[in-house]
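Following: one structure in structure tokens, then a few remarks.
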Amino acid sequence: MNLTLKVWRQKNDKSTGQFVTIQANNIADDMSFLEMLDIVNDDLTRKGEDPIYFDHDCREGICGMCSLVINGRPHGPNQGTTTCQLHMRSFHDGQTIVIEPWRAAAFPVLKDLAVDRTAFDRIQQAGGYVNVNTGGVPDANAIPIPKRIADEAFESATCIGCGACVAACKNASAMLFVSAKVSQFALLPQGQTERYERAQAMVDQMDAEGFGNCTNTGACEAECPVGIKLTNIARLNREYLTAKIFRQEDVHA
Amino acid sequence: MSSKSKPLFSSSLGKKLIMSLTGLFLCSFLVIHLIGNLQLFKNDEGYAFNNYAYFMTHFAPIKVVSYLLYASIIIHAVYALILTTKNKAARPIGYNQSAGNENSKWNSRNMGILGTIILVFLATHMQNFWYQYKFGTTPYIEYNTEVATGNRQTISSDELPATYDGVKIFENNGVETVQTKDLYKQVAYTFQNPFIVLLYVVAMAALAFHLIHGFQSAFQTIGFNHRRYIGFVKSVGIWVFGVIIPIAFAAMPLYFFFKGL
């Protein structure tokens, strides 16, 4: 099939970008969206033009590197998939596809469709970990965890940190990401020691990065490629407000 | 992990907590306001409603709550503005294409527009009744009720002395006399204006959509999403605050408009 792409082209993080119309010809149904862009880039390279710059890595939906807002939908029109898992059979011959980068003040565009998502890394570094004193390897099942708790924590831990929640949110809020990262530790025994410090530190960092506020529209949940639920956001609110109102950690500081 | 964290109300979640709590307080007010105002539908020349209006404006604890209410409205609006400003700044360059209704409901994305309509309505509503009752030209009325039989005679303002300023309730020879401002007549008079009726009905539609999202959103913001009760909270938000209350309020201007035709 032949497609018309309207792609955001931007030289670097200093310049202002604009949409450029590019033809994608002889695209097969079973190509992934990223393979389609590879074909387009081959053409551009042969013509001596600058290829479209976009993020990608594993191409099997687990690394969280690919992004792209395709016709207004982060990761494209399908539910529960990343852009690399989106196939061209979801489009039809002659269609115009608008491809934009994630739009958020906290995710500045680096070049074309790639954005700087290190804001997420800094939120993680603020508290998305457990301090462990290294020593002997502990026995398996030394700490009993009920199956349903383990499952719930696992669901939260499936967040791949792609940033589709921020891209989908009308306020560019990072609440779904932060709530998933706080939840996976808040649910498990290993996370209890730093539980309330973590919620406060990660929310502080989230605010400092310039993400918007959550208005509970649910767009993040609808667009999340791995199905992180809004219940995580309620849990983050609970963790944070409990920490602030009932157990603030820094009262003795 | 840093052990020094920012104060609660400087964080996004703290500001959202304020929105949530003031919003829920305003919701609780709506219930009381509706129950009281249902007396407008009584066919008693405003006896019950005017007595209720007198009580609500002269009972000290109600006064305290009413000032809390005015404060809540202002805080809710001011924080909405603060949060919205931050939200706009969080996405300086918008999308060329937007998903629209494919990933979220229209009302959840436009709470600010709905809230602004409600705020304009509130200003009009306060001018129409609160200001007129307190400082305006609301007429007086006197009810003389025979306690034994319940027969009631009313004397309206044009028959009362010009210097009349008393609001009294007393009993004499088995006749209960109530002299009060006739807010009921003020209501009936105001709702003869079709533009005011239209504004009230539109505002109630905006209120419905605002609360269908807002009521359950307030519970999400305070972290309340217990699986056993959240279904109940969501249905209360939709049916009580999104359907019953706005329709009952909208019925009041329509009732007086069509009654006066």
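Taking only the alpha-carbon atoms of the protein assembly as shown, what semi-axes of the equivalent ellipsoid follow from 5 times the gyration tensor eigenvalues under a square root, in whole Å, largest first?
The answer is 57, 29, 19 Å, longest axis first.
Starting from 0.36 nm per residue, how many nanometres of slack lie between B:ILE82 and B:THR154 once their C-alpha separation is accounted for?
Roughly 20.8 nm would be gained on extension.
Which residue, A:SER183, A:SER15, A:SER156, tops the fluctuation ranking in a GNM of chain A built on C-alpha contacts under 10 Å?
Most flexible of the set in this elastic network: A:SER15.
May I ask you to evaluate 6.51 cos²θ - 1.76 cosθ + 1.60, the Karplus curve with θ = phi - 60°, for each residue of the stretch B:11-19 and list the ³J(HN,Hα) values in order in whole Hz, giving x for glycine and proline?
The phi angles translate into 8, 4, 5, x, 5, 5, 4, 4, 4 Hz.
For the stretch A:1-84, what does the equivalent ellipsoid look like in terms of its semi-axes, each the square root of 5 times an eigenvalue of the Cα gyration tensor, given largest first in whole Å?
In descending order, the three semi-axes are 20, 17, 13 Å.
Run a plain Debye calculation on chain A (Cα atoms as equal point scatterers, no solvent) and give log10 I(q)/I(0) at q = 0.07, 0.08, 0.10 Å⁻¹, rounded to two decimals, same order as the q list.
-0.29, -0.37, -0.55
Considering the Cα trace of the stretch B:136-261, what is its radius of gyration and what is Dmax, both in angstroms?
Rg then Dmax for the stretch B:136-261, in Å: 21.7, 63.
What total accessible surface area, summed over both chains, is buried at the interface between chains B and A, computed with a 1.4 Å probe and given in Å² to the nearest 100?
4100
Rg/Rh for chain B: what does it come to with C-alpha atoms and Rh from Kirkwood?
Numbers: Rg = 22.7 Å, Rh = 21.3 Å.
In chain B, Rg relative to Rh is 1.06.
What are the residues of the stretch B:2-39 that lose 50 Å² or more of accessible area, with a 1.4 Å probe, going from their chain alone to all protein chains?
Buried by 50 Å² or more upon assembly, which counts only protein chains, are B:SER3, B:SER5, B:LYS6, B:LEU8, B:SER12, B:LEU13, B:LYS16.
So what is the relative contact order for chain A, in percent, with contacts set as C-alpha pairs under 8 Å and at least six apart?
19
Place a point 7 Å from the Cα of B:GLU176 along the Cα-to-Cβ direction; which residues of the stretch B:51-69 have their backbone N under 19 Å from it?
B:51-59
Explain nothing, just the number: relative contact order of the stretch B:9-168, from Cα pairs under 8 Å at least 6 residues apart, as a whole percent.
Computed value for the stretch B:9-168: 17 percent relative contact order.
Using 7 Å Cα-to-Cβ label points, what is the B:ASN144/A:ASN133 separation (nm, one decimal)?
So the label points at B:ASN144 and A:ASN133 sit 9.2 nm apart.
Rounded to the nearest 20 debye, what is the charge dipole size of the protein assembly as shown about its Cα centre when +1 sits on each Lys and Arg Cβ and -1 on each Asp and Glu Cβ?
Magnitude of the dipole: close to 560 debye.
The values are calculated or read from the model by the stated rules, or taken from the named source; none is laboratory data. None of the values given here were measured: they were computed from a predicted structure. Backbone-built Cβ (ideal geometry, glycine too); neighbour counts: all protein chains shown. The accessibility values were calculated without ligands, DNA or RNA, using every heavy atom of the protein model including side chains. Shrake-Rupley method; radii C 1.70, N 1.55, O 1.52, S 1.80 Å.
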